[in-house]
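Let me begin by presenting the structure, written as structure tokens, before commenting on it.
The values are calculated or read from the model by the stated rules, or taken from the named source; none is laboratory data. Keep in mind the model is a prediction, meaning the values are calculated, not measured. Here the Cβ positions follow ideal geometry from the backbone for every residue, glycine too, while neighbour counts run over all protein chains shown. Remember, those area values only see protein heavy atoms, side chains included, never the ligands or the DNA or RNA. Shrake-Rupley method; radii C 1.70, N 1.55, O 1.52, S 1.80 Å.
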Amino acid sequence: MALMHGLDHRKLVYFDPSAVVEEGSDRSSESAPSMWSFDDQLRRSTFGKRPSSVMEPQNEKALFQPVPIVDEEQGGEYIHVQLSEDANCVRLKRSDVVDVEAEATRGVEDISMLDNFCEQAMLHTLRVRYGRNEIYTSVGPIVISINPFKNIEGLYSDEQMALYRSDSPAPPHIFSIAQRAFASLLREDISQSIIISGDSGSGKTEAAKKILAFLVNASSKQVTSPRGDSGDRRILMDRLLNANVLLEAFGCAKTINNDNSSRFGKFIEIQYDHMGTICGAKMINYLLERTRIVTLLGPQERNYHVFYELFYQNDRKLLRSLYLDNKSPGDFACLGDEDSGRADEDRVRVEDVSLARIRSSLSLLDISSETQSQMLQILAVVLHASNVFFSPAPNDGSEVSGPSLQSLQCVTSLLAVDQNEFLLALTVKTSTVRSETFKKPLDPPKAKARLEAVARY
């Protein structure tokens with residue numbers, strides 16, 4: 001096999017595992033280590049950990065990272081590249097890899113401005129910017145966001161909002177999307193839409209909150225009204241922001257991929273007057289994952305945040321009224337084991353949905369104290385209902401006994417219904433055909449399914 005030596009080692013290509021023809025070559029270059037000064041720290045980051053061999057799973061971390069050409073063979077049909085200074089060379093088919101242009105190595109703000117706009121260049125640009133804590137990147141009018149899984153100081157400050165409200169040039173940001181929509185609304189007098197899409201854990205919920213906060217901030221600059229209703233409009237904007245607290249408390253849960261995963265779809269409509277001030281709003285949520293209410297979906301999954309917040313407050317009188325005193329999340333079947341329900345790290349992500357904050361948001365939305373109490377009672381009903389289990393009755397059908405009977409008593413007391421009639425409705429199916437009524441005892445699984453239907457709806 002004839003090899004060509006003396007190549008320009010500054011020539012870079014994007015590494016593509018699918019183009020590998022042969023691995024394990026002992027061929028290396030004396031000058032290759034100097035090439036790894038380029039973005040070497042980034043190669044050791046989360047996006048680009050240095051692999052030991054090309055076929056191992058961790059090599060996927062090196063996908064499309066720039067690597068130097070060490071050698072060529074057969075007239076350039078095949079090339080040898082080196083993933084790191086202490087790794088063996090890898091043989092690739094030259095036609096299957098893409099050259100790296102200089103602009104792509106700098107982490108440009110708008111990927112669409114690259115001469116060679118391709119998947120490889122896009123992913124590496126995102127990698128470079130992510131390594132610099134620049135989590136937003138433009139692709140024309142679209143902004144790509146990568147969840148940093150940490151707080152970046154000043155990223156959403158009032159100063160940042162003011163920057164994007166001005167006409168000054170600014171780097172890609174989610175605020176730029178919000179400002180563009182707001183400005184187009186005022187300029188063109190046409191309704192605008194912002195679509196937030198991504199996988200679980202990508203940051204959709206936080207993005208929606210930040211956009212909403214920006215739009216409220218932008219509208220507040222116009223809030224002085226000749227009609228003298230500025231105070232009412234400020235209250236409206238506060239309500240709009242606080243409604244998110246309720247959606248997060250009642251609709252978000254910890255999953256295996258995400259500590260604060262929205263388990264529903266959400267459409268927010270904000271209405272403006274001709275001056276650009278918010279005059280109304282509407283939130284529509286749909287496709288709530290009701291199964292999660294009564295069924296624990298996995299060892300690392302949790303139910304909705306609001307259930308756990310019942311236990312993370314000091315109102316003992318409230319807990320006694322809900323029959324939750326001396327109880328913990330681990331005591332209820334729908335909340336999982338005690339560790340997953342009470343671990344300190346589980347609270348870090350959901351501090352904004354404390355029970356006190358939830359009740360404050362409800363009050364701001366003019367939900368009366370009586371209605372709030374009824375809502376908490378319903379939550380307690382769901383918890384106690386999850387601990388009601390049925391067993392076969394001596395004759396036929398189902399019955400409740402032992403610890404389950406005490407939980408059933410809590411359910412019927414909170415619902416203010418007769419226990420015997422409630423149990424009969426769960427364990428006996430009643431059908432009426434013409435003027436004749438038929439009653440059929442239900443087995444334990446069907447009785448449990450009926451109780452879970454009550455809890456879900």
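The table below lists the values:
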| item | result |
| --- | --- |
| Inter-probe distance in nm under a simple model that places probes 7 Å from Cα toward Cβ, at Asn257 and Asp110 | 3.1 |
| Lysines whose Cα lies under 23 Å from that of Lys440, excluding same-chain neighbours fewer than 8 positions away | Lys429, Lys448 |
| Dipole-positive endmost among Leu376, Ser401, Leu451 within region 346-457 (Cβ charges, Cα centre) | Leu451 |
| Segment Asn151-Asp315, extension gain: residue separation times 0.36 nm, minus the distance between their alpha carbons | 55.9 nm |
| Rounded accessible area of Arg302 (nearest 10 Å², 1.4 Å probe) | 10 |
| All lysines inside 21 Å of Lys209 as judged from Cα atoms, apart from same-chain residues fewer than 8 positions distant | Lys150, Lys221, Lys254, Lys266, Lys282 |
| Segments 175-182, 279-286 sorted - mean Cβ within 10 Å per residue, highest first | 175-182, 279-286 |
| Inter-site label distance for Ile194 and Arg456 at 7 Å from Cα along Cβ, in nm | 3.4 |
| Modelled label reach - Val417, point 7 Å along Cα→Cβ, region 367-405 residues with backbone N closer than 19 Å | 374-391, 398-401, 404-405 |
